[in-house]
Structure formats: C-alpha cells, structure tokens
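Visitor: Supplied in structure tokens, the structure appears directly below.
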Amino acid sequence: MDIDEIETWKRLTTALGWTRSSYFLMSVFIATLLVILVVWWPLAEAYLAQFDPNRSLWVQIDWLLLGNFAAMSLLIMAGADLKVDALIVLVGLFGGLAIEGWGTQTELWTYYTVERPPLWIIPAWPIASLSIDRLVRLLHRRAPEPGSKVFVVLYWAIFPTFYVLMAAFVWPTLDKSLTVLALTACALMIASPTEHRLAVLTFVAGSGLGYFLERWGTTRYCWIYYTWQTPPLFAVLAHGMAAVAFWRVGSLVQKLPFKLFTTVTHRTRR
C-alpha cells in the first residue's frame with residue numbers, strides 16, 4: 001500500500017470503530033466457523049449438495065445468510081474491547097445453551113438434525129450478544145436522555161405484553177418443569193428494579209436482529225417451531241428478552257465482590 005491507501009484504510013477503520021481487539025474477535029469468529037465445518041462436515045456437505053449445477057449460482061446464493069453474517073461481522077468488530085466482551089461471550093454461551101436446552105427439550109422448536117440441543121448452534125449466541133451490544137451502544141447515543149420518563153412507560157407496555165405472549169406460546173408445555181422455570185425467571189426479571197432505558201433499548205436491538213436470524217432459520221428449515229410459523233412473533237421478541245436477560249446477568253456478575261471482569265458498564269460507553 002502507498003501512503004494514500006494507508007491513510008484511507010486508517011480513516012475507514014476509525015469510522016467503523018475497529019480496534020486491536022476487533023481483529024482478534026473476528027479471528028476467533030472465523031476459527032469457530034472453521035471448527036464447526038470440520039467437526040460437523042456432513043451438515044455442510046448436505047447443505048452444499050443443494051446447489052444445482054444447471055442453475056445460475058447467483059440465484060442460488062443464500063443472500064439472507066450472507067447478509068446476516070456480514071452485518072454481525074461488522075457489528076462485533078465495532079468498538080471491540082476484550083476486557084468487556086469476554087463477559088458478554090461467557091454469558092451468551094451459557095445463556096444460549098440454557099435457552100436451546102429448554103426449547104428443544106420441550107419441543108417448542110426442533111432442529112433438522114433432531115439434536116436437543118445441537119452444539120453447533122451454541123456459538124451463534126455469543127456472536128449475536130456481541131452484535132446486540134453494539135446496536136445498543138448506537139441506540140444509546142441516539143435515543144432520548146436517561147431521565148426521559150418515556151422509557152418507563154415503554155418498559156411497562158412492552159415487557160408485560162411480551163410475558164402474556166410468551167405464556168400463550170409456551171402453554172402446551174406448561175406441564176414441563178423447564179417451561180415453569182423459564183416463566184418464573186422472566187416474571188422475576190420483569191418485576192425487579194432495572195434501568196428502564198437500557199432495558200427497552202436492549203429489547204429493541206435484540207428483537208431487530210432476532211427477526212433476521214429467525215427469518216433465515218425458519219424459512220430454510222434449519223429449525224422450526226411447533227406452530228410452523230416462519231417465524232412466530234414470540235420467537236422474534238424472545239431474542240429481545242434473551243438479550244435483556246444476558247445484560248442483567250452480566251451486570252450482576254460485575255457487582256460480585258471478586259473482580260473477574262472489568263467494572264465498566266459496556267452498554268453506556270461512548
């Protein structure tokens with residue numbers, strides 16, 4: 001590269017918010033995908049077998065998948081900080097495993113591999129969590145100031161409504177202990193004191209990203225819900241609720257007496 005190209009690249013990376021940690025996160029992301037491809041190669045082979053050599057490759061490319069991948073790649077690299085992101089990844093991994101275990105064990109949703117849950121889907125949760133964190137930071141800079149009462153009103157309009165929707169959706173599995181536990185956890189989280197503004201912004205960001213992920217997964221029959229909707233409204237909003245739950249857990253961990261992670265509140269960094 002000549003000097004002009006180097007300067008252009010620096011301006012671009014600065015505009016995108018890339019840091020040294022950004023390249024590390026992207027490397028881990030790609031390495032994870034490669035491990036999944038190697039370990040679960042039969043799944044990748046079955047997917048590639050769907051391509052028809054007699055048709056144009058251009059019309060067979062999964063643009064929604066590529067779009068999701070590109071968007072999350074750019075998001076996780078924006079303003080990356082390993083000291084903060086490590087906690088987000090950890091909570092996303094265990095939280096995603098718990099959610100996938102609940103949904104697949106109760107058969108609210110089923111993967112095409114019939115695994116309960118499939119381990120290859122778990123890494124998607126921390127990637128989504130990092131992406132949502134970046135979206136919340138963006139919304140945090142754009143939304144009204146923390147003192148605005150509108151977020152209190154929005155909070156008590158959004159979350160009880162979601163809970164009613166959740167109860168209706170999971171009703172067929174109400175005899176399952178995992179469903180009772182999920183309903184109880186959500187009720188306690190909604191009722192407990194919180195930062196209403198961040199809770200609303202996190203829910204909106206999680207639901208927004210969740211729509212595109214659910215749209216891809218259900219229309220490609222990677223997973224399907226018992227209602228056969230592509231996707232059901234509950235599934236989209238559940239991503240928002242999961243994002244709030246992960247944020248609340250992360251905030252709780254930061255308050256523990258032993259400092260495993262930085263005490264900086266990641267959602268409010270400028």
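Visitor: Output the number of the condition that V59 fails; it satisfies all remaining conditions of (1) surrounded by fewer than 13 Cβ atoms within 10 Å (Cβ to Cβ); (2) under 19 Å from the mean Cα position of the chain (by Cα).
Guide: If we test V59 against (1) surrounded by fewer than 13 Cβ atoms within 10 Å (Cβ to Cβ); (2) under 19 Å from the mean Cα position of the chain (by Cα), just (2) comes out false.
Visitor: Please state which of the following conditions F29 fails to meet, knowing it meets all the rest: (1) surrounded by 14 or more Cβ atoms within 10 Å (Cβ to Cβ); (2) closer than 18 Å to G206 by Cα.
Guide: Answer for F29: the failing condition is (2).
Visitor: While we're here: Got a sec? Which of E145, E107 is more than 16 Å from the chain's Cα centre (by Cα), of a type in the set (D, E) and more than 30 Å from G17 (Cβ to Cβ)?
Guide: E107
Visitor: Another question, then. Determine which member of the set L25, L74, L87, L82 is closer than 21 Å to V136 by Cβ, touching a Ser or Thr at 6+ places or on another chain (Cβ under 6 Å) and not aromatic (F, W, Y).
Guide: Details: L25 fails: touching a Ser or Thr at 6+ places or on another chain (Cβ under 6 Å); L74 fails: touching a Ser or Thr at 6+ places or on another chain (Cβ under 6 Å); L87 fails: touching a Ser or Thr at 6+ places or on another chain (Cβ under 6 Å).
Answer to the selection: L82.
Visitor: Among the residues of the stretch 1-26, what is the count of those that are in a helix (DSSP H, G or I) and surrounded by 15 or more Cβ atoms within 10 Å (Cβ to Cβ)?
Guide: Adding up the residues that qualify gives 4.
Visitor: Answer yes or no as to whether R134 is touching a Gly at 6+ places or on another chain (Cβ under 8 Å), outside any helix (DSSP H, G or I) and charged (D, E, K, R). Steps first, answer last, please.
Guide: Values: touching a Gly at 6+ places or on another chain (Cβ under 8 Å): yes; outside any helix (DSSP H, G or I): no; charged (D, E, K, R): yes.
It is false that R134 is touching a Gly at 6+ places or on another chain (Cβ under 8 Å), outside any helix (DSSP H, G or I) and charged (D, E, K, R).
Visitor: Any residue at all in the stretch 84-106 that is out of contact with any helix residue (DSSP H, G or I) (no Cβ under 7 Å at 6 or more places or on another chain), of a type outside the set (A, V, I, L, M) and farther than 25 Å from L33 by Cβ?
Guide: Our first condition is that a residue be out of contact with any helix residue (DSSP H, G or I) (no Cβ under 7 Å at 6 or more places or on another chain); within the stretch 84-106, this holds for 86, 90, 94, 97-98, 101, 103-104.
With of a type outside the set (A, V, I, L, M) added as a condition, the list becomes 94, 101, 103-104.
Next, from what is left, pick out any that are farther than 25 Å from L33 by Cβ: none.
Scanning the stretch 84-106 turns up no residue that is out of contact with any helix residue (DSSP H, G or I) (no Cβ under 7 Å at 6 or more places or on another chain), of a type outside the set (A, V, I, L, M) and farther than 25 Å from L33 by Cβ.
Visitor: Can you confirm whether the stretch 162-182 contains a residue that is part of a helix (DSSP H, G or I) and touching a His at 6+ places or on another chain (Cβ under 6 Å)? Reasoning before the result, please.
Guide: Filtering the stretch 162-182 down to residues part of a helix (DSSP H, G or I) leaves 162-173, 177-182.
Retained after the next criterion (residues that are touching a His at 6+ places or on another chain (Cβ under 6 Å)): none.
Checked the stretch 162-182: no residue is part of a helix (DSSP H, G or I) and touching a His at 6+ places or on another chain (Cβ under 6 Å).
Visitor: If you go through the stretch 217-233 one residue at a time, do you hit one that is at negative phi, small (G, A, S), at pLDDT 95 or above and surrounded by 15 or more Cβ atoms within 10 Å (Cβ to Cβ)?
Guide: yes
Visitor: Looking only at the stretch 164-191, filter to residues that are in contact (Cβ under 8 Å) with a residue 40 or more places away in the chain and polar (S, T, N, Q); which one of those is farthest from L135 (Cα to Cα)?
Guide: Among those residues, the one meeting the criterion is T173.
The values are calculated or read from the model by the stated rules, or taken from the named source; none is laboratory data. Given the structure is predicted, the values throughout are model-derived calculations rather than measurements. A quick note on method: Cβ atoms are made from the backbone with ideal geometry, for glycine too, and the neighbour counts reach across all protein chains shown.
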